[in-house]
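Shown next, in structure tokens, is the structure this report addresses.
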Amino acid sequence: MAQLFPRGSNAFARISIVVVLVVVGTGLTILLNTNRLHYTTDVQVAKKQPVPFSHKHHVTGVGLDCRYCHTSVEESSFANIPPVETCMTCHSQIWTESPLLEPIRESYRTGNPIEWVRVHDLPDFVYFNHSIHVHKGIGCQTCHGQVDQMPLMWKVNTLNMEWCLECHREPEKYVRPREEVFNMAWKPMDERGHAVSQALLGAQLIQDYDINPSTDCSTCHR
Amino acid sequence: MGSPAPIKDPTMPAPVLGPGQTYTTVTQKLSAIITSRTPLGWIAAMLIAGAILQLLMLSATWLLIKGTGIWGLNIPVGWGWAIINFVWWIGIGHAGTLISAILLLMRQQWRNSINRFAEAMTIFAVMCAGMFPLLHTGRPWVAAYWLLPYPNTMSVWPQFRSPLIWDVFAVGTYFTVSLIFWYLGLIPDFATLRDKAKHKISQIIYGVLSMGWRGSAKHWFNYEMAALLLAGVSTPLVLSVHSIVSLDFSVGLIPGWHATIFPPYFVAGAVYAGFAMVLTLGLPIRYFYGLHDYITDRHLNNMGKVMLATGLIVAYGYAMEQFFAWYSASPYEGYMMQNRTFGPYSGTYWSLILCNVAIPQLLWIKQVRLSPSGLFIISMFINVGMWLERFIIVVTSLHRDFMPSSWDMYHSTPWDWGLYAGTIGFFLFMMILFIRVMPVINIFEIRQLVANKSKHAETASADD
């Protein structure tokens with residue numbers, strides 16, 4: 001009987017072992033990391049909004065405090081997205097002709113709110129609360145990044161559960177003095193403005209504020 | 001019966017091979033099952049099994065759309081048919097491993113003609129078993145992070161102290177090792193089929209599957225070594241898998257799940273169920289393809305004995321459960337047993353005793369062990385009985401536990417039936433397909449039997 005397979009088949013069979021290992025390895029690596037990829041988490045992806053509101057203009061340029069618009073961030077779970085009345089405190093006076101602001105003016109006239117596109121959106125089975133984080137000295141910037149530099153809003157963190165837990169397990173790496181929570185450019189320093197290590201400062205603040213985040217499932221999944 | 005050869009010497013066991021077998025007849029007969037024209041009966045069987053298989057598709061799809069609410073499980077019986085069927089199927093797989101591993105190590109020659117399809121059965125049964133926990137999650141596509149420990153984005157790991165995660169490893173290992181063992185044994189036979197095949201495409205397919213097997217002495221040496229090692233690896237699996245399945249129950253707090261006999265009693269039950277299923281499938285195959293020379297009276301007799309022995313262990317397990325309920329002096333255990341024996345499910349309990357304890361006692365009679373129809377009927381009873389056993393364990397313990405205010409009855413729904421019947425369809429479908437494309441009986445091991453026999457014959461005639 002003639003040979004069924006050409007001579008090269010043996011080499012092919014051997015190589016296929018390696019190929020299978022590589023393909024399966026790569027496939028698994030990708031599969032296991034899907035929830036961490038930019039593609040799925042939308043980290044660093046600026047969302048298109050009905051009005052191209054720029055935090056960079058309004059925070060760095062105009063010098064507004066976060067609480068001017070996100071009024072309830074200190075008392076409530078929800079930070080609040082400002083109503084158009086807040087915008088109109090200024091935009092009824094300045095840039096009144098700007099075509100970009102037309103949706104704001106229209107919403108002001110008709111009373112139909114603007115439909116902002118959510119950038120940070122936890123699944124409904126997760127409970128999150130801003131006030132506790134603000135009160136225990138977690139800066140907006142720790143979770144939301146340098147908002148004052150963002151022409152359009154984007155996420156800098158995945159909001160995956162591992163991300164929440166990373167801090168709940170080691171909050172000393174992230175805490176800052178309460179009065180610095182809204183400071184976008186804060187660096188670890190003592191009262192006199194000298195740079196200190198986060199490790200020292202964090203350990204101190206943990207004691208001062210009595211910080212002890214829970215990692216029980218029912219903290220976030222109620 | 002195909003081998004009417006009377007047993008002459010009462011001290012010698014009946015032969016494991018019919019008379020007049022040579023290398024050629026063995027190879028011809030066994031590879032003809034695959035290379036001959038497709039028999040009509042095969043097509044009919046395939047159509048029936050395929051139709052039942054559609055039930056699986058339907059029930060699983062509807063389950064994924066609607067969620068586990070379509071099943072009868074609810075508080076207090078949160079572990080309904082999904083667990084019952086899982087345990088039932090896993091148990092059925094056990095005969096394959098026992099035959100291929102333990103009987104190989106013990107050099108039991110009669111294993112040779114039944115090991116191949118018993119191993120195939122193991123693999124398909126474990127597949128059926130695996131479907132139930134996966135579907136029970138309701139969302140099988142996220143089940144990976146509930147079942148497997150991997151660095152996920154929730155930075156949580158499965159609970160390593162829970163037997164449910166041990167189960168994942170036990171069943172996973174069992175499946176992998178069984179698959180490799182089965183495949184290894186098939187390699188020399190694939191080579192035979194490659195050489196027998198007439199069509200170019202089948203030559204290539206069997207050629208690839210046989211991985212370049214040429215039957216050289218070196219090949220055989222490696223093969224024997226690998227088979228022995230795998231047999232060594234699989235042997236503990238025969239005991240570990242069902243022990244761990246039993247721990248799923250024993251680690252819980254529910255009355256009726258604590259009896260210390262659980263692991264061995266489950267293992268014996270598994271082997272019992274496994275042999276029953278080997279007979280349920282083996283007897284029709286033997287009849288249809290006329291394999292009486294390979295699956296001889298000796299095989300039937302031995303399998304009957306194994307069933308009798310494991311059945312007695314299982315019966316002992318039932319007795320010990322009763323004893324334990326009394327001896328524990330716990331009112332909950334006591335009530336559970338009273339409820340199991342005389343409560344609303346007593347009918348099921350007594351049918352279980354009938355199927356698993358009473359009827360199999362007929363196996364004491366040699367004529368019954370040698371009669372294919374008798375064995376077939378008894379094995380059917382055992383298949384049903386083993387299912388009832390799991391039903392009794394799961395349902396009677398859960399439906400009335402510590403708090404009378406939460407007591408309730410368990411009612412299965414058509415979807416429970418659909419999924420269960422569907423997996424049976426899947427199992428039959430795979431088995432029937434298997435018969436047609438792979439040798440049901442190990443060709444080369446039977447040839448070895450022929451070789452041994454002729455060697456004995458030679459020495460015998462030399463002695464004369």
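The values are calculated or read from the model by the stated rules, or taken from the named source; none is laboratory data. If you're wondering where the values come from, they're calculated on a predicted model, not measured in any experiment. Cβ coordinates were reconstructed from backbone atoms using ideal geometry, including for glycine residues, and neighbour counts include every protein chain displayed.
Data table
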quantity: Any hit, the range B:139-155, residues being of a type in the set (A, V, I, L, M), within 14 Å of another protein chain (Cβ to nearest Cβ) and either assigned to a loop (DSSP other than H, G, I, E, B) or touching a residue at least 60 places away in the same chain (Cβ under 8 Å) (or both); calculated: yes
quantity: A:R118 being of a type in the set (K, R), over 22 Å from A:N160 (Cβ atoms) and loosely packed, with under 13 Cβ neighbours inside 10 Å; calculated: no
quantity: Yes/no for B:G334 being of a type in the set (G, A, S), surrounded by fewer than 23 Cβ atoms within 10 Å (Cβ to Cβ) and not in a helix (DSSP H, G or I); calculated: no
quantity: Elements of type helices (runs of 4 or more DSSP H) contained in the range B:194-290, each with 2 or more residues being modelled with pLDDT of 90 or more and within 25 Å of the chain's Cα centre (by Cα); calculated: B:217-250, B:262-289
quantity: Residue count, the range A:29-54 (criterion: among the polar types (S, T, N, Q) and under 25 Å from B:W141 (Cβ atoms)); calculated: 6
quantity: Selected residue (only one of A:A46, A:A13, A:A79 is aliphatic (A, V, I, L, M), within 14 Å of another protein chain (Cβ to nearest Cβ) and either farther than 28 Å from B:N152 by Cα or not in a helix (DSSP H, G or I) (or both)); calculated: A:A13
quantity: Residue match in the range B:139-157 (condition: of a type outside the set (D, E), surrounded by 15 or more Cβ atoms within 10 Å (Cβ to Cβ) and at pLDDT 90 or above); calculated: no
